[in-house]
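A short write-up of the structure that comes next.
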Amino acid sequence: MYAQVVEGSGKGAKATEDMTPEERAFQQKIDSGQKIEPKEWMPDGYRKTLIRQISQHAHSEVVGQLPEGNWITRAPTLERKAILLAKVQDEAGHGLYLYGAAETLGISRDEMYEQLHSGKAKYSSIFNYPTLNWADIGAIGWLVDGAAIMNQVALQRTSYGPYSRAMIRICKEESFHQRQGYDIMMKMCNGTEAQKAMAQDAMNRFWWPALMMFGPPDADSVHSAESMAWKIKINTNDELRQKFVDQTVPQAEYLGLTIPDENLAWNEEKGSYDFTDPDWDEFFQVISGNGPCNADRMRARVRAWDDGEWFRDGLSAYAEKHSAGNTNQGVENV
Ligand code: FAQ
């Protein structure tokens, strides 16, 4: 229905008795908490699953610049503009660390871009929703970065060394991003009635897509069992979604905002909130390319790629000129 690139087996974790001796040794390494490094032997499915997840994560960071980029020229003050510029630039950097981590697994950056531009690779569903006003920038920082961090903090312990190390650095920056979003929301909630209403409206629109960021319910998650056995994923989609709700409810209360879910209620017995599931049909539509902004996002990415061709060609020509065997060409010849 929705799967475009099922690179891992998607059949769940392999039983120990079905493993080859190499696979068994590999699994023992994972189970004992050791990191896997690029040059080590790894099962083909492990490599493919990592390439899929890391490259989709990288694409999300890069496409994720677009909804916020939309507001750089319209930020309400010079200070807010400078902060937003820095945040969007950070997202580009996150994309680069992640593409770098994926490249250690034997895929080139050009191949990854080709998969994104052809629609073969996914990126996070959340970035297919529009940013209609300034309050949406607050909601993205608070809720979207908040959901991203919830996932990424766990991924710092992922089993693949380069991915884990990229996550440690990214999480530091994402924490700042989340605070800047919360700060925008605080300002608006303490402002005029109209500003508070804008903040509430942004929360109403971003709440459900933020819950979808954690992926389909566990029962429908194709990759979770295998990815968790390999410790590529540390938590299930539902576990992280629950943690996010539990963390976010008190933050919304502090802002004086209402979470748009009439079933939201503290459940004393389980020690967490009960809440309504997002509309999973909408989620599957969005990840199949039919969300409100999918076509716009792809058009913008492909245009940026095409417009940058002359620059990439220039960089390659420069690198070639100065590569080994051609070292006599001085910088003055450029
Ligand atoms: N959107 O079997 P599962 C950010 C796909 S970073 C689109 O459960 P898995 C920073 C999934 O790929 C946000 N597709 O899959 C920022 C699979 O399809 P496939 C990105 C989704 O991989 C903030 C199919 O559904 N973070 O926001 C989504 O085990 C602000 C079946 O699902 C990451 O990527 C979705 N939400 O679990 C930037 C974190 N959910 O590939 C700018 C790393 C699922 O077979 C501004 N990734 N799918 O065709 C992960 O942790 C996992 O990949 C999950 C999905 C949890 C996203």
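The values are calculated or read from the model by the stated rules, or taken from the named source; none is laboratory data. Keep in mind the model is a prediction, meaning the values are calculated, not measured. Every residue, glycine as well, gets a Cβ built from its backbone with ideal geometry; the counts of neighbours run over all protein chains shown.
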Which listed residue is within 15 Å of the ligand (Cβ to nearest atom), under 18 Å from the mean Cα position of the chain (by Cα), more than 23 Å from Asn294 (Cβ to Cβ) and polar (S, T, N, Q), from Gln115, Gln65, Gln89
Gln89
Give me the pairs: first residue in segment 275-290 and within 19 Å of Ala265 (Cα to Cα), second residue of a type in the set (S, T, N, Q), beta-carbon distance under 6 Å, and six or more apart or on different chains, which are they?
Thr276/Asn263
For Glu23, indicate whether it is over 20 Å from the mean Cα position of the chain (by Cα), surrounded by 15 or more Cβ atoms within 10 Å (Cβ to Cβ) and either more than 16 Å from the ligand (Cβ to nearest atom) or under 21 Å from Cys171 (Cα atoms) (or both).
yes
Please determine whether any residue of segment 232-249 is surrounded by 10 or more Cβ atoms within 10 Å (Cβ to Cβ), over 30 Å from Cys189 (Cα atoms), of a type in the set (Lys, Arg) and modelled with pLDDT of 95 or more.
yes
Output the qualifying pairs, or none if there are none: Cβ atoms under 7 angstrom, residues six or more apart or on different chains, first residue in segment 121-139 and basic (Lys, Arg), second residue within 9 Å of the ligand (Cβ to nearest atom) and modelled with pLDDT under 95.
Lys122/Gln4
Of the residues in segment 182-202, how many are touching a helix residue (DSSP H, G or I) at 6+ places or on another chain (Cβ under 6 Å) and either crowded, with 22+ Cβ neighbours inside 10 Å or over 12 Å from Leu143 (Cα atoms) (or both)?
9
All positions within segment 109-130 that are under 11 Å from Ile51 (Cβ atoms) and either of a type in the set (Phe, Trp, Tyr) or surrounded by fewer than 18 Cβ atoms within 10 Å (Cβ to Cβ) (or both):
Glu111
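Just the residues that are under 17 Å from the mean Cα position of the chain (by Cα) and not hydrophobic (A, V, I, L, M, F, W, C), please, taken from segment 131-150. Talk me through it step by step, then tell me what you get.
At the first step, the residues of segment 131-150 found to be under 17 Å from the mean Cα position of the chain (by Cα) are 137, 139-150.
Within segment 131-150, Gly141, Asp145, Gly146 meet the criteria.
What number of residues within segment 68-92 satisfy the criterion of being of a type outside the set (Lys, Arg), in contact (Cβ under 8 Å) with a residue 40 or more places away in the chain and out of contact with any Phe, Trp or Tyr (no Cβ under 7 Å at 6 or more places or on another chain)? Explain how you work it out, then say what you get.
Taking segment 68-92 first, the residues of a type outside the set (Lys, Arg) are 68-73, 75-79, 82-86, 88-92.
Of the ones still in play, those that are also in contact (Cβ under 8 Å) with a residue 40 or more places away in the chain are 68, 70-71, 75-76, 83-84, 90.
Imposing the further condition that a residue be out of contact with any Phe, Trp or Tyr (no Cβ under 7 Å at 6 or more places or on another chain) reduces the set to 68, 70, 75, 83, 90.
Residues in segment 68-92 being of a type outside the set (Lys, Arg), in contact (Cβ under 8 Å) with a residue 40 or more places away in the chain and out of contact with any Phe, Trp or Tyr (no Cβ under 7 Å at 6 or more places or on another chain): 5 in total.
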Identify, by number, the condition in (1) crowded, with 20+ Cβ neighbours inside 10 Å; (2) touching a Pro at 6+ places or on another chain (Cβ under 8 Å); (3) β-branched (Val, Ile, Thr) that Thr158 doesn't meet.
(2)
